[in-house]
1. Just list whichever of LYS209/LYS240; LYS21/LYS90; LYS153/LYS209 have alpha carbons separated by over 20 Å in the model shown.
2. Go ahead and run the numbers for FRET between ILE66 and ASN89, Cβ-Cβ distance against an R0 of 35 Å, rounding to 0.05.
3. Out of all DSSP beta bridges in the chain, what portion is antiparallel? Express it as a percent rounded to 5.
4. Place a +1 charge on the Cβ of each Lys and Arg in segment 1-49 and a -1 charge on the Cβ of each Asp and Glu, then give the dipole magnitude about the Cα centre in debye, rounded to the nearest 20.
5. Using just the helices of the chain, give the 222 nm mean residue ellipticity in deg cm²/dmol: DSSP H runs with n ≥ 4 each add -39,500 (n - 2.57), and the total is spread over all residues, rounded to 500.
6. What shape does segment 70-175 have by the C-alpha gyration tensor, where a ≥ b ≥ c are the square roots of the eigenvalues, rounded means a/c under 1.5, and otherwise prolate means a/b greater than b/c and oblate the rest?
7. Once fully extended, how much extra length lies between ASN213 and THR256, figured as 0.36 nm per residue of separation less the alpha-carbon to alpha-carbon distance?
8. Can you find, among GLY154, GLY54, GLY136, the residue sitting farthest towards the positive end of the charge dipole of segment 4-198, where Lys and Arg contribute +1 and Asp and Glu -1 at Cβ?
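Quick note: the coordinates plus some simple rules give every number you see, no bench work behind them. It should be emphasised that the depicted structure is a prediction, and the values quoted were computed from it without experimental measurement. Neighbour counts run over all protein chains shown; Cβ positions are idealised from the backbone, glycine included.
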Amino acid sequence: MKNVQLEVADQIATVTIDRPKALNALNTETLSELKECFSELEKQKDVRVVILTGGGNKSFVAGADISEMVNATPAEGRAMSLLAMEAFNKLENMPQVTIAAVNGYALGGGCEIAMSCDIRIVAENAVFGQPECGLGIIPGFGGTQRLARLIGKGRAKELIFTCDRIDAQEAYRMGLANKVVPADQLMRACQEMAGRILSKGSYAVSIAKSMINAGMDMDLNNALKMEADAFGFTFSTHDKEEGMTAFLEKRPANLTDF
Ligand code: CO8
C-alpha cells in the first residue's frame, strides 16, 4: 500500500496513515487502502488490538483531501462518502479493539475516523474539529451521526455549526478523548492500554464490544435481552471456567481466546 503502513507485533497491529506532506488527508486512494487493510485485519486471529495513527508528528488526519473534492461532482462526492463509510464501519465493527492514537490535527474526516475507533488516546498537541460547514459542505464520513452519539446532540451541533477547533483538554472534557498524554508518550500510552486489554479474556472483550455497538442502535429493552443472551453464551466458554475458578483459587487466570 502507498499511503497506509501496517505493522504487527505481539498481537497489536499499528496502522499508520502516511501522507505527511498533505497532513495525512484522506483521498480516495488512501480510503481504498484503509478499507483493504481493515478487511485483512478483521480476519487475523493473532491480532487483538489495532492502533491507528498518523505519519509525521504534526497531524493525525487533517480531513478529507480538499484538492480532490474541489472539482468533484455531487455523485463523486457521494461515492467518496460511501467509500469512507464502508471503511469506517469495518473499523468500528472489527472484532479487535481499536485505539486511535491522535498525534495532532484530527479535523473533519480525521475526527470522523478517530470516532470510528473504540478508544481515543490523544497527544497534548491534538486539535479536533469539524470544519466542513466553513467549506460549504457537511461532515460526510459519519460526523453528523457519530459525534452526536459520542458527545451529545447539543455539543455536536455547536462544533459542527461553528467549525470551532478544540484542543486535547477540551476534547477530554467533552468525552471525545479518553485520555490526554504528552506527545512523546502517545504510542507508549496506547501500547500500555492495549496490554491491559490483552490480559483480559479476548473473546469476552470482543463480545462486549459488539454488544455496546449493536445496543446503541436498539431500544433499551431489546438491547438488554440481547445482552442477557450473550451473557448466557459466555458461560459456555473456557475463559469463564478458568476466570472464575482462578478467582476462587486465589491465583492469576490463564485466559485464552474462548
Ligand atoms: N486536504 C488536502 N490537503 C491538505 C489538507 C486537506 N484536508 N489539509 C492540509 N493539507 C495540505 C495543505 O494544502 C498543504 O499542502 P502544500 O504544502 O502543498 O501547500 C500541507 O497539507 C500543509 O498544510 P498547511 O500549510 O495548511 O499547514 P498549517 O500547519 O498551516 O495548517 C491545518 C494545518 C490547520 C490542518 C490546515 O492545513 C487546514 O486547515 N487543513 C484543512 C482542514 C480541513 O478543513 N479539513 C476538513 C476537510 S473536509 C472533510 O474532511 C470532509 C469529510 C467528509 C467528506 C465527504 C465526502 C466528499
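1. Values: LYS209/LYS240 17 Å; LYS21/LYS90 27 Å; LYS153/LYS209 23 Å.
Pairs exceeding the cut-off: LYS21/LYS90; LYS153/LYS209.
2. On the way: r = 24 Å, r/R0 = 0.67.
Plugging the Cβ-Cβ distance into 1/(1 + (r/R0)^6) gives 0.90.
3. Values: 8 of 32 bridges.
For the chain, the DSSP antiparallel bridge percentage is about 25.
4. Numbers: 7 positive and 9 negative charges, 26 e Å.
Using Cβ point charges on Lys, Arg, Asp and Glu, segment 1-49 gives about 120 debye.
5. Details: 11 runs with 124 residues, N = 258.
Dividing the helical sum by the residues of the chain leaves -14500 deg cm²/dmol.
6. Details: a/c = 1.74, a/b = 1.17, b/c = 1.48.
Cα axes put segment 70-175 in the oblate bin.
7. Numbers: separation 43, 0.36 × 43 = 15.48 nm, distance 2.34 nm.
Residue separation times 0.36 nm, minus the Cα-Cα distance, leaves 13.1 nm.
8. Towards the positive end, the residue furthest out is GLY154.
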